[in-house]
Amino acid sequence: MGMTMTQKILAAHAKLNEVHAGQLIQADLDLVLGNDITSPVAINEFEAAGFDSVYDKSKIVLVMDHFTPNKDIKSATQCKQCRTFAKKFDLKNFFDVGSMGIEHALLPEQGLAAPGEAIIGADSHTCTYGALGAFSTGVGSTDLGAAMSVGYTWFKVPAAIKVNVTGHKRKFITGKDLILYLIGKIGVDGALYKSLEFSGEGLKELTMADRLTIANMAIEAGAKNGIFPVDDITREYLQGRVKREWHSYEPDDDAEYESVVDINLDELDCTVAWPHLPENAHSARDGKNIKIDQIVIGSCTNGRIEDMEAAAEIFKGRHLASGVRGIIIPATQNVYRECIKTGLAEIFLDAGCVISTPTCGPCLGGHMGVMAAGERCVSTTNRNFVGRMGHTESEVYLASPYVAAASGILGRIAHPEEVF
């Protein structure tokens with residue numbers, strides 16, 4: 001029996017000719033990632049285990065993105081611990097205030113992830129890098145602590161689900177709509193510990209920003225990872241970013257998939273996940289009676305320049321509805337700079353929005369947009385669990401930048417077509 005893309009990458013990193021679903025393997029790692037929340041726990045485990053060296057100072061990445069600039073003494077203490085560790089071991093990829101970005105937007109931008117690589121991070125959305133044809137997945141902080149020293153970890157090889165994408169995107173349709181539709185179709189445990197492998201002629205319609213969003217949210221369907229084949233869109237994105245050699249993998253013709261899910265882009269509409277699960281998918285057209293208090297446009301899911309441009313297209317010449325707070329969070333310093341240079345920042349300010357430094361902040365109810373009881377937010381983030389963005393009696397509606405911006409303008413959940 002042939003292998004999937006994920007299985008081929010894992011076999012190569014385990015130095016095996018082949019692997020099969022359910023097999024336990026030990027695999028070498030190309031990159032190990034931590035942030036200001038998960039790294040301190042990993043560092044504590046690293047030190048408790050008696051480790052006194054890292055396996056490769058160029059392959060450990062620490063990004064201070066969740067609560068920075070530090071919001072309180074605890075977050076400042078956590079970042080200080082990370083800074084001390086990075087300096088002690090001369091880590092080459094430590095990103096702090098002024099250079100940092102939201103980790104899963106920053107790493108692809110900086111060329112730190114490439115096709116065929118095996119990447120782990122102590123953050124569940126580490127599966128983002130599958131958009132580039134890598135195997136990437138989230139792990140616990142204890143696993144991260146050990147991996148920083150030894151450079152390998154163990155995996156159970158996942159079975160796979162093929163997602164066959166066909167058709168053409170219509171105006172205002174994005175990767176966020178596709179992944180919310182998919183999660184709505186299979187459920188938040190529909191791909192539990194499986195690899196979501198995307199294929200089909202419709203992939204030509206998906207930009208790299210679309211793919212990064214889709215791979216990022218594979219975990220919201222319970223998946224171990226999400227992965228795309230390497231094509232011309234991938235290669236164009238990598239050009240000038242990744243200067244080291246990389247290797248792409250394609251699934252065998254006889255690769256085994258537990259199931260196949262077909263998605264026709266022609267049939268997709270702007271999709272919103274109602275509270276309190278990403279699987280609670282509805283058309284944006286169904287939200288006319290749902291008034292909102294806040295919109296957030298940013299995060300590791302939708303904070304790239306394409307997302308900023310989509311929001312600005314809606315906001316230009318318009319203003320937020322009375323009583324609605326608009327928070328714009330460019331995902332990296334480069335995206336922030338581009339917003340200023342191209343005039344997007346002025347459009348956001350004219351529309352009544354605030355622009356934040358890159359941060360995960362409101363996505364996890366940390367800062368820069370925490371909600372009170374009874375408040376509702378349309379957000380381009382990736383989770384809408386109970387209490388995710390603040391009070392347990394607040395509500396988060398997940399959507400694309402187009403939908404979030406249109407909702408901010410009309411003061412309720414809205415389809416982008418309603419503002420034109």
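Just to be sure I understand the curve: with the Debye formula and one point per C-alpha of region 1-125, what is log10 I(q)/I(0) at q = 0.19 Å⁻¹? The computed values of log10 I(q)/I(0) come out as -1.06.
Over the chain, Cα pairs under 8 Å with separation of 6+ residues give a relative contact order of 17 percent. Kirkwood hydrodynamic radius (Cα pairs, Å) of region 274-420? Computed over Cα pairs of region 274-420, the Kirkwood hydrodynamic radius comes out at 14.6 Å.
Take the solvent-accessible surface of the protein heavy atoms, probe 1.4 Å, and return the percent of it on region 272-420 that carbon and sulfur atoms account for.
Exposed carbon and sulfur together represent 49 percent of the surface.
For region 340-420, averaging the sequence separation of C-alpha pairs within contact (under 8 Å, six or more residues apart) and dividing by the residue count gives a relative contact order of 19 percent. The Rg/Rh ratio of region 375-420, with Rg taken over Cα atoms and Rh as the Kirkwood radius over Cα pairs, comes to 1.01. Among the GluC sites (Glu not before Pro) within region 177-271, those in coil by DSSP and having at most 14 neighbouring Cβ atoms inside 10 Å are GLU245, GLU258.
Divided by 2.2 N^0.38 Å, where N counts the residues, the Cα radius of gyration of region 101-168 comes to 1.24. Residues of region 294-314 with the amide nitrogen closer than 17 Å to a label point 7 Å from the Cα of VAL354, along Cα-to-Cβ, please. The answer is 294-299, whose backbone nitrogens lie closer than 17 Å to the label point. Helices in the chain, meaning DSSP H runs of at least 4 residues, each add -39500 (n - 2.57). Divided by all residues, the mean residue ellipticity at 222 nm is -8000 deg cm²/dmol. Mean projection of the Cα convex hull over all viewing directions, computed for region 186-229: 2.9 nm². Roughly how many Å is it from the Cα centre of region 379-414 to that of region 272-308, as a whole number? The two parts, judged by their Cα centres, are 4 Å apart. For region 285-420, the solvent-accessible area of protein heavy atoms averages 37 Å² per residue (probe radius 1.4 Å; ligands and nucleic acids excluded). Note on region 334-381: Cα-Cα pairs beyond 17 Å make up 46% of the total pair count. Packing here is the average count of other Cβ atoms within 10 Å per residue, and on that basis the peptides 169-180, 184-195, highest first, run 169-180, 184-195. Residues considered: HIS125, HIS319, HIS391. Largest GNM mean-square fluctuation over the chain, using C-alpha springs under 10 Å, is found at HIS391.
Here the extension length gained between GLU393 and MET1 equals 136.1 nm, from 0.36 nm per residue of separation less the Cα-Cα distance.
Give me the Kirkwood hydrodynamic radius of region 208-344, using the inverse of the mean 1/r over all pairs of distinct Cα atoms, in Å to one decimal.
When all Cα pairs of region 208-344 are included, the Kirkwood radius is 18.3 Å.
Along the Cα-to-C-beta direction of PHE51, a point sits 7 Å from the Cα; which residues of region 71-101 have their amide N less than 16 Å from that point? Output list for this probe position: 82-94. Can you send over the carbon and sulfur percentage of the accessible area for region 49-182, probe radius 1.4 Å, protein chains only? Its accessible area is 53 percent carbon and sulfur atoms. Scaling the Cα radius of gyration of the chain by the globular reference 2.2 N^0.38 Å produces a ratio of 0.94. Greater than 18 Å separation of Cα atoms is the criterion. Which listed pairs, LYS8/LYS156; LYS169/LYS204; LYS176/LYS316; LYS156/LYS194; LYS204/LYS224, meet it? As for pairs spanning more than 18 Å Cα to Cα, those are LYS176/LYS316; LYS204/LYS224.
The values are calculated or read from the model by the stated rules, or taken from the named source; none is laboratory data. Just so it is clear, the model here is predicted, and its values are computed rather than measured. Positions of Cβ are backbone-derived with ideal geometry, glycine not excepted, and every protein chain shown enters the neighbour counts. Note: accessible area is taken over every heavy atom of the protein model, side chains too, but ligands, DNA and RNA are not part of it. Shrake-Rupley method; radii C 1.70, N 1.55, O 1.52, S 1.80 Å.
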